[in-house]
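Note sheet for the following structure.
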Amino acid sequence: MRDLGDLGENGIIQLFSGAELHEPVIKGIGDDCAVIRGAKDDYILLTTDMMVEGIHFEKATCPAYEIGWKSLAVNLSDIAAMGGQPEACLLAISLPGSLQQTWLVEFRDGWMAAANRYGCQVIGGDTCGSSSGIAISVTVYGRSAGSKVLWRFGASDGDDVWVSGAPGMSALGLLVLQESKENKDVAGKAAVAKHLTPEPQLELGRFLAVESLASSCIDTSDGIATDLGHICAASHLGAIIEEELFPLPDVPPSISADPTELALYGGEDYDLLFTAPNKNRRRLEEFGNLHRIGIITSDVRGVVLLNRSGEQMKIRGEGFRHFKSF
Ligand code: ADP
Ligand code: MG
């Protein structure tokens with residue numbers, strides 16, 4: 001019997017796709033949030049994401065406070081990717097009875113810190129026991145900036161590809177955390193902070209939406225290769241990105257990792273990856289910490305990397321594969 005490893009995450013999602021949708025639902029499966037028509041001239045954005053012990057985190061390397069922060073932040077990042085503002089969240093947790101109370105109190109503190117920081121009201125959830133590890137499921141709803149929503153589709157031939165932050169930083173942070181000794185390197189510490197306490201790019205998403213600067217947008221949860229692949233697929237176009245233009249992470253000497261590989265395939269940065277017409281370059285540069293890394297084109301299929309030697313390489317569209325070992 002074939003197992004879920006053969007089906008993969010996309011295959012599983014496909015099993016639940018295809019149902020006909022009707023008003024007030026505008027978009028179901030396939031973007032960072034589901035989109036529902038609001039009562040005024042705006043849209044409600046809905047998203048849910050899980051964090052599971054042993055899959056997304058290990059208690060040994062990820063403190064409870066940071067798990068609390070991150071479990072909400074990764075959901076807020078999907079609201080940012082649609083250009084919205086979060087309004088409220090629900091928290092469902094499954095916990096082993098043997099877990100120390102201090103763990104839960106610290107988790108709560110991190111969760112509340114993120115909720116307060118980004119103005120997201122906590123309005124409910126669910127609690128139950130667990131016969132294995134900790135599982136956290138968060139749901140957030142938010143609102144679009146008026147009628148303006150950033151979608152994964154909409155990129156046009158010749159648009160620039162932009163990314164915020166430094167792609168690959170979070171994956172580097174995970175490698176630093178997994179090192180047996182404590183890493184005292186400044187770059188290593190910054191990468192760990194990026195991995196444990198990502199900052200959803202709500203201000204940037206709102207800016208892109210309100211000023212109609214981006215033609216498409218996604219948040220970087222699975223690495224540029226996969227995430228840009230989603231924009232390309234949704235927009236029916238390809239992309240060429242240039243290694244030379246990447247703001248590559250600063251890898252400490254104790255870690256052996258290729259920065260370009262980290263940027264392409266490392267996940268969990270929770271920055272925004274978006275496309276924009278060339279005429280918007282100046283306005284985007286003014287915002288700060290945004291990097292133009294390539295172009296959208298009909299000349300190639302999928303995502304192609306132009307490396308430092310000037311060779312074009314088709315890149316694998318795979319970030320973290322959830323079902324590979326089950
Ligand atoms: P993101 O990384 O932005 O959270 P995902 O890769 O998790 O997005 O999901 C991609 C799309 O598939 C989203 O629109 C999401 O709502 C949908 N999706 C994921 N899992 C399921 C599921 N089990 N049933 C229905 N839709 C799903
Ligand atoms: Mg997303």
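A compact table of results
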quantity: In the stretch 192-244, the residues that are crowded, with 23+ Cβ neighbours inside 10 Å and touching a Cys at 6+ places or on another chain (Cβ under 6 Å); calculated: Ala239
quantity: Test for Asp3: is it away from ligand 1 (no atom under 13 Å from the Cβ) and either at pLDDT below 95 or among the small types (Gly, Ala, Ser) (or both); calculated: yes
quantity: Flag for Ala73 being within 18 Å of the chain's Cα centre (by Cα), closer than 30 Å to Lys181 by Cα and modelled with pLDDT of 95 or more; calculated: yes
quantity: Close pairs from the stretch 233-246: first assigned to a loop (DSSP other than H, G, I, E, B), partner among the acidic types (Asp, Glu), Cβ under 7 Å, at least 6 apart; calculated: Leu237/Asp157
quantity: Cβ pairs under 7 Å, 6+ apart, first in the stretch 114-143 and within 15 Å of Ile79 (Cβ to Cβ), second assigned to a loop (DSSP other than H, G, I, E, B); calculated: Tyr118/Pro200; Val140/Cys120; Gly142/Gly84; Arg143/Gly38; Arg143/Asp42; Arg143/Gly84
quantity: Qualifying residue in the stretch 24-42 (condition: over 18 Å from Met82 (Cα atoms), free of Cβ contacts under 8 Å to residues at least 12 places away in the same chain, within 11 Å of ligand 1 (Cβ to nearest atom) and exposed (fewer than 11 other Cβ atoms within 10 Å of the Cβ)); calculated: no
quantity: Single match in Glu106, Glu58 (criterion: within 18 Å of Pro198 (Cα to Cα), loosely packed, with under 15 Cβ neighbours inside 10 Å and away from ligand 1 (no atom under 16 Å from the Cβ)); calculated: Glu58
quantity: One residue from Ser170, Ser98, Ser156, Ser131 being touching an Asp or Glu at 6+ places or on another chain (Cβ under 8 Å), hydroxyl-bearing (Ser, Thr, Tyr) and at negative phi; calculated: Ser170
quantity: Test: Ala64 is of a type in the set (A, V, I, L, M, F, W, C), more than 16 Å from ligand 1 (Cβ to nearest atom) and in contact with an Asp or Glu (Cβ under 6 Å, 6 or more places away or on another chain); calculated: yes
quantity: Matching residues, the stretch 209-229, being in a helix (DSSP H, G or I) and either touching a strand residue (DSSP E or B) at 6+ places or on another chain (Cβ under 7 Å) or away from ligand 1 (no atom under 11 Å from the Cβ) (or both); calculated: Ala209, Val210, Ile224, Ala225, Asp227, Leu228, Gly229
quantity: Flag for Gly30 being within 14 Å of ligand 2 (Cβ to nearest atom), more than 16 Å from Gly133 (Cβ to Cβ) and either of a type outside the set (Val, Ile, Thr) or at pLDDT below 95 (or both); calculated: yes
quantity: Cβ-Cβ under 7 Å pairs, at least 6 apart or on other chains, the stretch 262-282 side closer than 24 Å to Asp157 by Cα, far side among the hydroxyl-bearing types (Ser, Thr, Tyr) and part of a strand (DSSP E or B); calculated: Asp271/Ser164; Leu272/Ser164; Phe274/Ser216; Thr275/Ser216
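The values are calculated or read from the model by the stated rules, or taken from the named source; none is laboratory data. Since this is a predicted model, take the numbers as computed values, not measurements. Because the Cβ atoms are built from the backbone with ideal geometry, glycine has one as well, and the counts that use them run over all protein chains shown.
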